[in-house]
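Below: the structure, in structure tokens.
The values are calculated or read from the model by the stated rules, or taken from the named source; none is laboratory data. None of these values were measured; they are calculated from a predicted model. Using ideal geometry, Cβ is built from the backbone for each residue, glycine included, and neighbour counts are taken over all protein chains shown. Note: accessible area is taken over every heavy atom of the protein model, side chains too, but ligands, DNA and RNA are not part of it. Shrake-Rupley method; radii C 1.70, N 1.55, O 1.52, S 1.80 Å.
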Amino acid sequence: MESYWIVRVRDAEMTVTLICATSIGLALADDWPMLGRDGTRNSISSKIGAPTHWSVEIREKDQPIRSESRGIRWSAPLGSETHSSPVVSDGLVWIGTNNTQPGIQSSQSQHSGLKCFRAADGKQVYEYISPTFGTRIQDAGWTGLGSSQLIGGDRLWITTNRSEVLYWDIGPLIRGEGTPLELWKLDLIKTFYTFPHVPLMGPARPCSIGASWNGRIFVTTNNGVGETEDGAKHTLYLWTLPLKNAIN
């Protein structure tokens with residue numbers, strides 16, 4: 001049984017869903033540790049027999065089911081908006097979303113979140129909350145964490161809604177021994193004086209981190225219209241950062 005991932009929308013609520021296609025044996029699909037699968041950026045799976053028909057169980061509060069689940073191993077709830085793509089590595093599924101969920105206080109609903117699920121059964125094993133800026137022009141709040149992660153072994157890199165690049169040791173989580181350890185955090189605003197600008201109807205702005213090269217990662221940020229006429233206008237920056245040491 002091969003496995004494929006989708007993000008679906010249901011009644012203003014999103015879920016991450018694992019779709020299973022029946023074949024010989026039972027195994028998860030190959031790792032997909034970055035946006036675009038690998039350094040080739042070829043997002044076409046090498047697996048044969050990808051599913052073309054499936055259905056997801058649908059309920060409307062206390063109303064009867066409109067369609068039964070078929071070909072789905074598990075699904076798990078996300079926030080109300082998700083602009084990130086799933087990343088899969090070492091039996092874990094990572095995806096960025098927003099924090100607008102049932103039971104979340106309104107004061108925290110504008111934060112962004114990074115969720116991690118166990119690929120085998122969909123159990124959530126970790127969640128990272130990145131607080132909103134609190135200024136509409138720099139962080140819309142509802143768009144969530146739009147950057148897909150880059151994972152290499154037991155290391156993870158991601159750009160947050162606060163224009164921070166995070167570098168984590170996710171080994172403890174992979175081994176089931178604890179939560180990720182932050183190795184460094186680079187604030188692009190304080191270091192490079194960028195000014196993230198979010199259009200009124202625009203999605204999350206932080207770009208996904210692609211494949212590393214020659215010991216470095218490539219981080220793309222935007223510099224929008226500032227709060228004054230002196231603000232830099234519509235400039236796109238590409239930063240190259242060392243994989244292991246943000247001081248460079």
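At a 1.4 Å probe radius, carbon and sulfur cover how many percent of the accessible area of region 78-213? Each step should come with its number before you reach the end.
Values: 2930 of 5520 Å².
Carbon with sulfur: 53 percent of the solvent-accessible area.
For region 78-215, with every protein chain kept in place, what is the accessible area per residue (1.4 Å probe, Å²)? Working shown, then result.
On the way: 5680 Å² over 138 residues.
About 41 Å² of surface per residue is accessible.
Compute the relative contact order of region 92-220 as a whole-number percentage, counting only Cα pairs closer than 8 Å that sit 6 or more residues apart in sequence.
Working: 281 pairs, mean separation 26.5, N = 129.
Once divided by the residue count of region 92-220, the mean separation gives 21 percent.
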Self-check item: Where labels lie 7 Å past Cα in the beta-carbon direction, separation of residue 101 and residue 68 in nm
Solution: 3.0
Practice problem: Would you kindly state how much longer the chain becomes between residue 214 and residue 46 on full extension, computed as 0.36 nm times their sequence separation minus their alpha carbon distance, in nm to one decimal? | Solution: 57.9 nm
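Give, in nm to one decimal, the length gained when the segment between residue 38 and residue 182 is fully stretched (0.36 nm per residue of separation minus the Cα-Cα distance). Mind showing how you got there, number by number?
Numbers: separation 144, 0.36 × 144 = 51.84 nm, distance 2.39 nm.
So the extension gain works out to 49.5 nm.
Can you tell me the order of 162-172, 138-148 when each peptide is scored by its average per-residue count of other Cβ atoms within 10 angstrom, highest first? All intermediate terms of the calculation are to be shown ahead of the outcome.
Working: 162-172: 19.8, 138-148: 24.1.
Highest-to-lowest ranking by the protection proxy: 138-148, 162-172.
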Self-check item: Stokes-Einstein D in µm²/s, Kirkwood radius over Cα pairs - region 59-193 at 4 °C with 1.567 mPa s viscosity
Solution: 80
